[in-house]
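Structure, as structure tokens:
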Amino acid sequence: MLKVGDAAPAFSARPIFGYPVEIPEGLESGPVVLCFVPFLGSPFARRTLALLQERFADFDRRGIRVVAITQTELTAARDFVPRYHLLYPLITDPEGTIQELFDIQRDRYLLSSVRSLLGGGGGGGGLMDFGVGWFNGPVRQLGAEFVLDRSGTVRFAHYATGITDVPDLDALLQCASSC
């Protein structure tokens, strides 16, 4: 797992719409927030993406780029960006190459994550409002968030411990603002 102070792994990927994202080459213009989300059929991924969308202007005003990465197949994700009006790049990584570079894990205790959601404890609250898509992806893919500074150094690293975890956008914004 990556820790604060580690060098970010290098990768280049083309989002569904927009210019290629290149790390570390693309960091000269400012810090980048990378958010790894489960496949797009998951209401947990949709909630994370909706929260990023709500706060996108806060990041953009400070010159912080936001990039989301999912293991969803391109054909299943192609209409997602315009349908949900995402203003930030969404990269599909169906083979999990980028997830592997960042050591993104899978939920080994999926049943306990679902129980906490259904039982009302630990992060539920309206997740199903974001809908459920066709479950054809890696259901157990966990999320993660990173802040990379201009030099390619990891300044913030958080790995989700369950599929219901939601990123702390205030912490991401504060960290990226200080880079």
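Which number in (1) at pLDDT 95 or above; (2) in a loop (DSSP other than H, G, I, E, B); (3) loosely packed, with under 15 Cβ neighbours inside 10 Å marks the one condition that Pro9 misses? Single failed check for Pro9: (3). Counting only helices (runs of 4 or more DSSP H) wholly contained in region 56-101, the ones carrying 1 or more residues that are basic (Lys, Arg) and either over 22 Å from Gly30 (Cα atoms) or at pLDDT 90 or above (or both) occupy 80-84. Looking across region 34-47, the residues that are of a type outside the set (Phe, Trp, Tyr) and more than 15 Å from Gln99 (Cβ to Cβ) come down to Gly41, Pro43, Arg46, Arg47.
Answer yes if at least one residue in region 130-149 is in a strand (DSSP E or B), over 12 Å from the mean Cα position of the chain (by Cα), crowded, with 19+ Cβ neighbours inside 10 Å and at pLDDT 65 or above, and no otherwise. For region 130-149, residues in a strand (DSSP E or B), over 12 Å from the mean Cα position of the chain (by Cα), crowded, with 19+ Cβ neighbours inside 10 Å and at pLDDT 65 or above: present.
Hey, among the residues in region 150-175 that are assigned to a strand (DSSP E or B) and of a type in the set (A, V, I, L, M), which one's surrounded by the fewest Cβ atoms within 10 Å (Cβ to Cβ)? If you could, list the steps in order and put the result at the bottom.
Keep residues of region 150-175 that are assigned to a strand (DSSP E or B), which gives 153-159.
Applying the additional criterion that residues be of a type in the set (A, V, I, L, M) yields 154, 157.
Values: Val154: 19, Ala157: 21.
By that ranking, first place goes to Val154.
Within region 154-179, being in contact with an Asp or Glu (Cβ under 7 Å, 6 or more places away or on another chain) and of a type outside the set (A, V, I, L, M, F, W, C) holds for Arg155, His158, Gly162, Pro167. Here region 54-71 is the region considered, the condition is being of a type outside the set (A, V, I, L, M), closer than 19 Å to Phe146 by Cβ and over 11 Å from the mean Cα position of the chain (by Cα), and the residue that is surrounded by the most Cβ atoms within 10 Å (Cβ to Cβ) is Phe59. Looking across region 32-45 at every residue that is within 24 Å of Phe11 (Cβ to Cβ) and in a helix (DSSP H, G or I), the one that is farthest from the chain's Cα centre (by Cα) is identified as Phe44.
Is there a residue in region 47-58 that is within 22 Å of Phe80 (Cβ to Cβ) and among the small types (Gly, Ala, Ser)? Yes; the residues of region 47-58 include at least one that is within 22 Å of Phe80 (Cβ to Cβ) and among the small types (Gly, Ala, Ser).
Inside region 12-21, can you point out the residues that are in a loop (DSSP other than H, G, I, E, B) and either touching a Phe, Trp or Tyr at 6+ places or on another chain (Cβ under 7 Å) or of a type in the set (A, V, I, L, M, F, W, C) (or both)?
Step one: list which residues in region 12-21 are in a loop (DSSP other than H, G, I, E, B), which gives 14-20.
Matches in region 12-21: Ile16, Phe17.
The values are calculated or read from the model by the stated rules, or taken from the named source; none is laboratory data. None of these values were measured; they are calculated from a predicted model. A quick note on method: Cβ atoms are made from the backbone with ideal geometry, for glycine too, and the neighbour counts reach across all protein chains shown.
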